[in-house]
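Read the figures in this text as sums done on the coordinates, not as results from a lab. Keep in mind it's a predicted model, so treat the numbers as computed, not measured. Cβ sites come from the backbone with ideal geometry, for glycine too, and all protein chains shown count toward neighbours.
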């Protein structure tokens, strides 16, 4: 079969595409420019185009069996999603979505969550409209609400290596998940036409606080890493590495995360584990794997007595 991946150069899309390729699936990716094409994982077939352009979307979807949609950080995200879902309906392509989705066990819980989002996360309103549009697709769409993911730490890689962990997190913890696990689950949904339609919350195995994250990075890098998420200027770290709508999204989201503990219900953890078919990767495992990769990429920063003491 052939699968189209939207967002293949981004965090979620890249892991889904990698899992699909590992399973022998032909993967096509829609990219805006030749420069973005160079960022694709090896083995993907690029299609140049734009989500705002109906002809580009139709060309990318023609001949594919299923498509992954990850909404970009863009003010026009709702219109782009509508155009894409309409094209999937017209071409009979099954749609899998990963992103911001409200999942709740009851109508009252869902309404309470929606009120919380409208009050504290107004920038998510467009994202929730995107999810509702995907849910209305004709061919039994699959929607995954993805917990905060471990790989967000890589946005502040330079700061971590310099001894500072600045992503604010409530001291009672935040449920987080490894995108490698998300990639495997979403790839299965894309390959398997019998994968249950509907909305599923993907949760990680544990809740992680900011101080705990700093501690684990310190152990993995074998040098001190302090937690800076309680500082008033915590968002300066994000501004050093992000810009535009993505920076605004991260600032607002982590401002919320700093104020509220966000554990995952046990049923979501159990359900995610069942979909994966093995134990979920822990945050500690992710940190160790990533620290090893960083050290391989830059040996001068590895081992005891590294050349980059914390500032």
So the pair-distance distribution of the chain, from every Cα-Cα distance in 10 Å bins, comes to percents of 6, 26, 34, 25, 8, 1, 0
Per-residue ellipticity at 222 nm attributable to helices in the chain (runs of n ≥ 4 DSSP H, -39500 (n - 2.57) apiece, nearest 500 deg cm²/dmol) works out to -13500 deg cm²/dmol
Using a cut-off of under 19 Å, list every residue of segment 177-198 whose amide N is near the label point 7 Å from the Cα of residue 274 along the Cα-to-beta-carbon line. 182, 184-190, 192-198
State, as an integer percentage, the relative contact order of segment 1-108 based on alpha-carbon contacts under 8 Å between residues 6 or more apart. 27 percent
Alpha-carbon centroids, segment 30-65 and segment 149-195: separation in whole Å: 25 Å
Choice from 35, 54, 140 with maximal GNM fluctuation in the chain (Cα, 10 Å cutoff): 35
Computed curve, segment 2-146, Cα-only Debye sum without solvent term, log₁₀ I(q)/I(0) at 0.12, 0.17, 0.18 Å⁻¹, is -0.49, -0.93, -1.02
With contacts defined as alpha carbon pairs under 8 Å and 6 or more residues apart, what's the relative contact order of the chain in percent? 18 percent
Sequence ranges 279-287, 8-16, ranked by mean other-Cβ count within 10 angstrom, highest first: 8-16, 279-287
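Full-extension gain between residue 157 and residue 172, please, as 0.36 nm times their residue separation minus the C-alpha to C-alpha distance.
Computed gain between residue 157 and residue 172 is 3.0 nm.
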Distance in nm between pseudo-label sites at residue 252 and residue 285 (7 Å out along the Cβ direction from Cα): 3.4 nm
Roughly speaking, what is the stretch gain from residue 73 to residue 37, that is 0.36 nm per residue apart minus the C-alpha to C-alpha distance, in nm to one decimal? 11.1 nm
DSSP beta bridge pairing in the chain, given as percent antiparallel to the nearest 5: 10 percent
